[in-house]
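Visitor: My structure is below; once you've seen it, I'll send some questions.
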Amino acid sequence: MNSPSRSVRFLVPLVLIGIAWIQELIDQFWFGGTWNFLIGGGAPWWGLFTAPFSHSGFSHLFSNTLLFLPLSWLVLSKGIRDYISVWVCVLFVEILQVFFWPTPAHGISGVVFGLLGYLLIIGFLEKRFLAIVLTVTCFGLYGHYLPSLLPWNVPHGISWIGHLSGFIGGLLGALGIYREPRQIL
């Protein structure tokens, strides 16, 4: 089976974030900012799949877009399988938020932190020069966001649990996708 072309891998994050922008445009212009798809806090279980595409305004979506696109492209540079692994693991870990977290949240930042978690650990797992450079570069560029994984380091209204569960999902995605190289006798 052939792997997707580079242009397809480039377009996937644009399509995903485009869905979020369309939802936000409809939300703001037709519903006055009240058409939100939430996760947790008694929101429906299917919010797990829709909450990443719902935001609390254009500034929220814009800031997430600025992080989502480059981190997505970096993970996709490793492969589409890696990218899908991160998304699946983030959604899997966020199931706990759906059923047990009392405060509703939304936005793609859980996925953003999942992508970051993946990128921060993959170099250590693979122990290859380019993977290590990728990990170190991501830590240098995005490491200052890591304190927002802790509840006392985020302003009221920001879902630190969404960030943390996304980050854990990204770590699990990297661990799940990584395979030890086989030794040839």
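Visitor: Just from its helices, what would the mean residue ellipticity at 222 nm be for the chain, if runs of 4 or more DSSP H residues each count -39500 (n - 2.57) and the sum is divided by every residue, rounded to the nearest 500 deg cm²/dmol?
Guide: Mean residue ellipticity at 222 nm (helix-derived): -21500 deg cm²/dmol.
Visitor: Say we join alpha carbon atoms closer than 10 Å with springs in a Gaussian network model of the chain; which of Trp73, Trp46, Trp87 then has the biggest fluctuation?
Guide: In the Gaussian network model the winner is Trp46.
Visitor: Multiply the residue separation of Leu96 and Ile84 by 0.36 nm, subtract the distance between their alpha-carbon atoms, and state the gained length in nm to one decimal.
Guide: 2.3 nm
Visitor: Also, I was wondering about something else. Once a ≥ b ≥ c are taken as the square roots of the eigenvalues of the Cα gyration tensor of the chain, is the result rounded (a/c under 1.5), prolate (a/b larger than b/c) or oblate (a/b not larger than b/c)?
Guide: Because a/c hits 1.5 or more and a/b exceeds b/c, the chain counts as prolate.
Visitor: Quick one: Tyr118, Tyr142, Tyr178, fewest Cβ neighbours within 10 Å first, how do they rank?
Guide: By the 10 Å Cβ count, ascending: Tyr178, Tyr142, Tyr118.
Visitor: Take every Cα pair under 8 Å in the chain that's 6+ residues apart, average their separations, divide by the length, and report that relative contact order as a whole percent.
Guide: Across the chain, relative contact order equals 24 percent.
Visitor: For Leu146 and Leu14, calculate 0.36 nm times their separation in residues minus their Cα-Cα distance, and state this gained length in nm to one decimal.
Guide: Gain on extension, Leu146 to Leu14, equals 45.1 nm.
Visitor: Another question about this same structure. Specify the residue with the greatest mean-square fluctuation among Pro13, Pro147, Pro155, computed from a Gaussian network of the chain linking alpha-carbon atoms under 10 Å apart.
Guide: Pro155
Visitor: Another one. Taking springs between alpha-carbon atoms closer than 10 angstrom, which of Gly157, Gly42, Gly57 fluctuates most in the Gaussian network model of the chain?
Guide: Answer for the Gaussian network model of the chain: Gly157.
Visitor: With a ≥ b ≥ c the root eigenvalues of the C-alpha gyration tensor of segment 1-107, is it rounded (a/c under 1.5), prolate (a/b larger than b/c) or oblate?
Guide: oblate
Read the figures in this text as sums done on the coordinates, not as results from a lab. The structure displayed is predicted, hence computed values, not measured ones. Don't worry about glycine lacking a Cβ; one is built from the backbone with ideal geometry, like all the others, and counts go over all protein chains shown.
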